[in-house]
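> Quick one: the structure is below, questions incoming.
The values are calculated or read from the model by the stated rules, or taken from the named source; none is laboratory data. Bear in mind that the values here come from a model prediction, so they are computed numbers and not experimental data. Quick reminder, even Gly has a Cβ in these numbers, built from the backbone with ideal geometry, and neighbours come from all protein chains shown.
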Amino acid sequence: MKILLADDHPLFREGVKPMLQKLDRKVELVEAFDYPSAFEAMRRAGEVDLALIDLFMPGMSGIEGVARFRAAFPDIPLVVLSASDQREDIQQLFAAGALGFVNKSAPREVILRALCEVLAGGVYVPPNLLDPEQDEPPRPNLAQYPTLTSRQIEVLRELASGGSNRQIGEALGVTEGTVKIHMAAIFRILKVNNRTEAVLVAQKMGLKKPD
């Protein structure tokens, strides 16, 4: 497994390395210290399984950096680490294509769980991004989610029918990376935290392919 680790604080990178080795004993780390070096490292590294980047690094603004990274490397799962916990920043990151966000102060177990979720093809949304005033969402239907695009509805229907990201991509004629981007947007709109929760919502919406 090859992981890009981009952060402008060397001590933080050193502290994260032992944790990343728990994902895979043979993990290979590609390090960068700002956005320009992250782009260059990605070009030189070849196939990368996961990109783990700090939000605020030299070279460009955080949201812009994430958006440009996603545009340049659309098939690479991207998780953002940051000391910021602003709800608006996190929402913008998911809209820009991040598949996960973790606060740097989170326990090691939380960070590992987030990375495993993304590596498995899911999206990790921090709990504070969910609506704190809504513990039990009302019975959903399509009218409750007018911001879902027709393509997102197609992806959600395939997901509800048990399709993996690869299978969904094949069914819709798009890349697996494109499916992951749609998934991130769907999770944000539905206010769910993982594929299982998204499937439950989709089933209540009646989004399942006919047998």
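> Which residues, taken from the stretch 8-32, are touching a residue at least 12 places away in the same chain (Cβ under 8 Å), surrounded by 12 or more Cβ atoms within 10 Å (Cβ to Cβ) and in a loop (DSSP other than H, G, I, E, B)?
Selection gives 8, 9, 22, 23, 24, 27.
> Somewhere in the stretch 49-63, is a residue closer than 20 Å to residue 109 by Cβ and crowded, with 16+ Cβ neighbours inside 10 Å?
Yes - at least one qualifying residue is present in the stretch 49-63.
> Looking at 11, 29, 50, can you tell me which residue is closer than 17 Å to residue 97 by Cβ, at pLDDT 85 or above and not aromatic (Phe, Trp, Tyr)?
50
> Of the residues that make up the stretch 66-82, is at least one closer than 19 Å to residue 188 by Cβ, part of a loop (DSSP other than H, G, I, E, B) and in contact (Cβ under 8 Å) with a residue 40 or more places away in the chain?
yes
> Any idea how many residues of the stretch 161-170 are closer than 22 Å to residue 204 by Cβ and over 19 Å from the mean Cα position of the chain (by Cα)?
2
> Check whether at least one residue in the stretch 63-73 is more than 26 Å from residue 179 (Cα to Cα) and not hydrophobic (A, V, I, L, M, F, W, C), and report yes or no.
No, because not a single residue in the stretch 63-73 is more than 26 Å from residue 179 (Cα to Cα) and not hydrophobic (A, V, I, L, M, F, W, C).
> I'd like to verify a number: residues in the stretch 6-23 that are in contact with a Lys or Arg (Cβ under 8 Å, 6 or more places away or on another chain) and farther than 18 Å from residue 38 by Cβ, how many?
The total comes to 1.
> Which of (1) aliphatic (A, V, I, L, M); (2) within 21 Å of residue 52 (Cα to Cα); (3) at pLDDT 70 or above is the odd one out, the single condition residue 148 does not satisfy?
Condition (2) is where residue 148 drops out.
> Please go through the stretch 7-50 and pick out each residue that is under 19 Å from residue 113 (Cα atoms), touching a strand residue (DSSP E or B) at 6+ places or on another chain (Cβ under 7 Å) and of a type outside the set (Asp, Glu).
13, 16, 17, 20, 27, 29, 50
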